[in-house]
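Single-structure report; data block below.
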Amino acid sequence: MNVKLGGYLLLALLPTLGWADEALLTELLARIRQTGQTQFKYEETRVLELAASPWHGQGYMLSGADGSLVKLQLQPARVIMAITEQRMYYWDPEQNQRHSAALGAAGPAGDQIAVFRSILQGHTEELQLNYAIAAEKQGPQWTLRLTPKPELSGDDLASIEISGDDKDEQRRILIKQPDGESTEYRMQKATEAQQQEYSIQRLLLEASGE
């Protein structure tokens with residue numbers, strides 16, 4: 001068996017390398033890409049290195065086709081975290097804390113948001129700069145895994161796993177940091193009534209203080 005043929009067989013046996021099934025990868029990226037506003041109700045679980053037990057929160061996640069993202073946390077306290085164009089916003093009315101910063105100055109949090117924006121806008125060429133992408137599908141269930149490239153392992157890039165099903169009613173997002181901390185979102189598509197209650201525009205105005 002020559003070396004080239006052996007390489008092709010290896011790719012066939014290891015589909016989790018990400019590019020063995022281009023059609024599936026293209027399908028999943030197209031499925032995740034937003035063509036309009038989407039809203040999910042979420043439950044969040046964070047496992048933190050210095051915390052004795054996981055932290056839990058819940059609220060709504062709103063995303064627009066232009067890359068705008070708004071996370072409206074309702075429990076344990078109401079907090080808005082948002083991004084539009086190249087800025088991030090944070091508003092905690094209970095603590096009366098409001099922050100605004102350029103996305104490029106946001107550190108690892110800004111990097112994570114940039115990755116999500118690339119996924120939502122279908123900019124796979126941006127993702128491939130830093131991540132190896134793996135696609136997997138078993139029946140109606142699908143998973144997209146983003147793993148930092150080995151040469152970037154010291155850049156504090158998180159590993160990201162996004163999964164769902166063909167109905168697109170539920171999503172699960174798992175973010176694993178290099179230090180072992182993790183954040184998991186379990187998301188359910190919002191009902192029509194819930195979508196009417198909240199909007200990206202109103203929440204962005206509130207977060208920015210306008």
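The values are calculated or read from the model by the stated rules, or taken from the named source; none is laboratory data. Since this is a predicted model, take the numbers as computed values, not measurements. When we count neighbours, we look across all protein chains shown, and the Cβ atoms used for this are built from the backbone with ideal geometry, even at glycine. Just the protein is used for accessible areas: all its heavy atoms, side chains included, with ligands, DNA and RNA removed. Shrake-Rupley method; radii C 1.70, N 1.55, O 1.52, S 1.80 Å.
Structure notes:
- Solvent-accessible area per residue in the range 67-107 equals 53 Å², computed with a 1.4 angstrom probe and all protein chains kept.
- Simple spin-label estimate for ALA51 and SER199 gives 3.3 nm between the two label positions (7 Å along the Cα-to-Cβ direction from each Cα).
- Extension gain, LYS167 to GLU151: 0.36 nm times the residue separation minus the Cα-Cα distance gives 2.1 nm.
- Sites SER182 and ALA105, calculated FRET efficiency, Cβ-Cβ separation with R0 22 Å, nearest 0.05: 0.35
- Total lysine pairs under 23 Å (Cα atoms) in the range 130-200, excluding pairs fewer than 8 apart on one chain: 6
- To put it simply, the accessible area of the range 158-198 at a 1.4 Å probe is 40 percent carbon and sulfur.
- Computed E for GLN75/THR26 - FRET, C-beta separation, R0 41 angstrom, nearest 0.05: 0.65
- Set of aspartates and glutamates near LYS71 by C-alpha distance (under 17 Å), chain-local residues within fewer than 8 positions excluded: GLU43, GLU44, GLU85, ASP92, GLU94, ASP111, GLU184, GLU197, GLU206
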